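The values are calculated or read from the model by the stated rules, or taken from the named source; none is laboratory data. Note that the coordinates shown come from a computational prediction; the quantities given were computed from them, not determined experimentally. Glycine gets a Cβ as well: all are built from the backbone with ideal geometry, and neighbour counts include every protein chain shown. Heads up: the accessible areas ignore ligands, DNA and RNA and are worked out on the full protein's heavy atoms, side chains in. Shrake-Rupley method; radii C 1.70, N 1.55, O 1.52, S 1.80 Å.
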Amino acid sequence: MDNKILVTGGLGYIGSHTVVELQNEGFEVVIVDNLSNAEESVMSGIVAITGQQPEFEKFDLRDKADVKAFFAKYTDINGVIHFAASKAVGESVENPLLYYENNLGALIYLLQEMAKKGSAQFIFSSSCTVYGQADTMPITEDAPVKPAESPYGNTKQIGEEILKDVCRVNPQLSSIALRYFNPIGAHPSTEIGELPIGVPQNLVPFITQTGVGLREQLSVFGDDYPTPDGTCIRDYIHVVDVAKAHVAALKRLMHGKNSENFEFFNLGTGKGSSVLEVIQSFERVSGKKLNYRIAPRRAGDVIQAYADTKKANGVLGWKAQSTLDDAVKSAWNWEKKIRDYEEMSV
Ligand code: NAD
Ligand code: WQD
């Protein structure tokens, strides 16, 4: 069995947690990252957890010649987990070409090299955003892909289409697209976690930053949605659970257990939580009151999205283990650590 895996974007949020799980399972990892949205210090966090130093090549996957040179150097790599991408929805609306170039250019160059191999496995980071506002909950993999709300979302839909087309004509290449719901939290060691640049757009980092006093107040975007408490519902999943699913998916391909050479799976917990429930979770695990206010709806938000996880549970033999409280607690512990935040004793 080939043991060396390329993890693109391996110093990023989900990538770094996946590198840890791969190493825990005995894989050797080579990380490619251009540090456009990561810090090199993440490497020390990975080493602190696993005691193993992954190889690291710093370059931009938009450079086709560099991608080619990488595979000429690492001829023994047949497995790729491809995280590297730009992921800010709003920025993608402002700068669509950046998103199409980064999220699809890099994918194409990687697949061009993988398609030359006698046997190759490829895991792609997709998103629940491909479902848009699904008509029924929980969302199964049979739910239709809806027109994308943003260029970012479109890159995930097109990325999956590219993979499917390439796999059809390259039977020696097998791939899995993993459609993540809402990954949150940090490694329980607090050695690695999420490092959003600037003002966080996502709910949980905004909450934890408010908790340590970095932000004054959380705005809850809308409380007049047709949901039990009026706020939007999402499927928040611990990032370590997401990471473990990648190892399960990779093993499925490596052991030739896949039924087709392009498959896709939802990665969620199966449980929907409202914005107010996430706030309550934070207040429970931190013992703090969160300063928040109800604000107008945010454009583009779907009312609710949570996963039917039967396919991933059954076929990948993987199931999310952590509760919402576990995940929020880990995010809070991470935030406190990186901000040197001291709890006030009463
Ligand atoms: P992240 O920004 O933390 O990680 C991406 C990493 O890729 C960063 O380290 C960045 O420096 C690197 N990178 C970006 N472009 C690159 C390039 N051209 N060459 C080399 N390295 C490059 O993001 P994340 O949250 O870890 O997300 C990982 C993947 O999962 C992305 O594809 C994202 O679209 C997808 N995804 C994320 C979420 C989420 O909520 N975080 C949800 C669904 C899907
Ligand atoms: C969750 C809920 C907000 C911030 C986004 C991308 C999606 C993706 C994951 C990549 C929503 C509410 C948020 C705040 C709030 N990833 N909220 N106040 O919107 O489900 O998904 O990240 O593929 O493509 O769109 O996640 O964390 O931004 O929001 O009330 O300050 O929290 O309205 O209901 P979302 P989120």
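Do the conditions hold for PRO171, that is, is it more than 11 Å from ligand 1 (Cβ to nearest atom), more than 17 Å from the chain's Cα centre (by Cα) and touching a residue at least 40 places away in the same chain (Cβ under 8 Å)? So PRO171 fits the description; yes. Is there a residue being surrounded by fewer than 20 Cβ atoms within 10 Å (Cβ to Cβ), small (Gly, Ala, Ser) and more than 22 Å from LEU173 (Cα to Cα) anywhere in the stretch 25-32? Within the stretch 25-32, one or more residues are surrounded by fewer than 20 Cβ atoms within 10 Å (Cβ to Cβ), small (Gly, Ala, Ser) and more than 22 Å from LEU173 (Cα to Cα). Within the stretch 157-166, one or more residues are within 15 Å of ligand 2 (Cβ to nearest atom) and under 25 Å from SER16 (Cβ atoms). Of all residues in the stretch 203-245, those satisfying the criterion of being more than 17 Å from the chain's Cα centre (by Cα) and among the hydrophobic types (A, V, I, L, M, F, W, C) are PHE206, ILE207, VAL212, LEU214, LEU218, VAL220, PHE221, CYS232, ILE233.
Filter the stretch 322-338 for residues that are open to solvent by 30 Å² or more (accessible area, probe 1.4 Å) and among the acidic types (Asp, Glu) and give the result.
ASP325, ASP326
Selection of the stretch 73-112 for residues being open to solvent by less than 40 Å² (accessible area, probe 1.4 Å), farther than 20 Å from ALA249 by Cβ and away from ligand 2 (no atom under 16 Å from the Cβ) yields TYR74, GLY105. When the stretch 113-123 is filtered for residues that are of a type in the set (Lys, Arg) and surrounded by 15 or more Cβ atoms within 10 Å (Cβ to Cβ), only LYS117 remains.
Taking ALA186 as the residue in question, decide whether it is touching a strand residue (DSSP E or B) at 6+ places or on another chain (Cβ under 7 Å), in a loop (DSSP other than H, G, I, E, B), open to solvent by less than 20 Å² (accessible area, probe 1.4 Å) and away from ligand 2 (no atom under 12 Å from the Cβ).
Details: touching a strand residue (DSSP E or B) at 6+ places or on another chain (Cβ under 7 Å): no; in a loop (DSSP other than H, G, I, E, B): yes; open to solvent by less than 20 Å² (accessible area, probe 1.4 Å): yes; away from ligand 2 (no atom under 12 Å from the Cβ): yes.
So ALA186 does not fit the description; no.
Across the stretch 283-308, the number of residues qualifying as open to solvent by less than 30 Å² (accessible area, probe 1.4 Å) and part of a strand (DSSP E or B) comes to 3.
Taking each residue of the stretch 247-272 that is assigned to a helix (DSSP H, G or I) and looking for partners that are open to solvent by 30 Å² or more (accessible area, probe 1.4 Å) and charged (D, E, K, R) with beta-carbon atoms closer than 6 Å, six or more apart or interchain, yields VAL247/GLU25.
Within the stretch 147-162, being within 16 Å of ligand 1 (Cβ to nearest atom) and in a loop (DSSP other than H, G, I, E, B) holds for ALA148, GLU149, SER150. With the checklist (1) among the hydrophobic types (A, V, I, L, M, F, W, C); (2) farther than 23 Å from ASN261 by Cβ; (3) open to solvent by less than 10 Å² (accessible area, probe 1.4 Å); (4) within 14 Å of the chain's Cα centre (by Cα) in hand, flag the one item ILE14 doesn't pass. All conditions pass for ILE14, except number (3). The condition (being among the β-branched types (Val, Ile, Thr) and touching a Gly at 6+ places or on another chain (Cβ under 7 Å)) is satisfied by just one residue among THR50, THR129: THR129. Exactly one residue among ASP165, ASP135, ASP142 is without any contact (Cβ under 8 Å) to a residue 12 or more places away in the chain, surrounded by fewer than 20 Cβ atoms within 10 Å (Cβ to Cβ) and in a helix (DSSP H, G or I), and that residue is ASP165.
Any chance the stretch 266-277 includes a residue that's open to solvent by 10 Å² or more (accessible area, probe 1.4 Å) and within 19 Å of PRO188 (Cα to Cα)?
Just the residues of the stretch 266-277 that are open to solvent by 10 Å² or more (accessible area, probe 1.4 Å), to begin with: 269-272, 275-277.
From the residues that got through so far, the ones that are within 19 Å of PRO188 (Cα to Cα) too are 269.
Yes; the residues of the stretch 266-277 include at least one that is open to solvent by 10 Å² or more (accessible area, probe 1.4 Å) and within 19 Å of PRO188 (Cα to Cα).
Residues in the stretch 312-321 that are open to solvent by less than 70 Å² (accessible area, probe 1.4 Å) and in contact (Cβ under 8 Å) with a residue 40 or more places away in the chain: ALA312, VAL315, LEU316, GLY317, TRP318, ALA320.
Against the numbered list (1) assigned to a helix (DSSP H, G or I); (2) in contact (Cβ under 8 Å) with a residue 60 or more places away in the chain, GLN280 comes up short only at (2). Residues in the stretch 193-239 that are open to solvent by 20 Å² or more (accessible area, probe 1.4 Å), more than 12 Å from ligand 2 (Cβ to nearest atom) and within 30 Å of GLU25 (Cα to Cα): LEU195 alone. Here's a check for you: in the stretch 81-125, which residue that is under 20 Å from the mean Cα position of the chain (by Cα) and of a type in the set (S, T, N, Q) is nearest to LYS257 (Cα to Cα)? Ranking the candidates gives GLN121 first.
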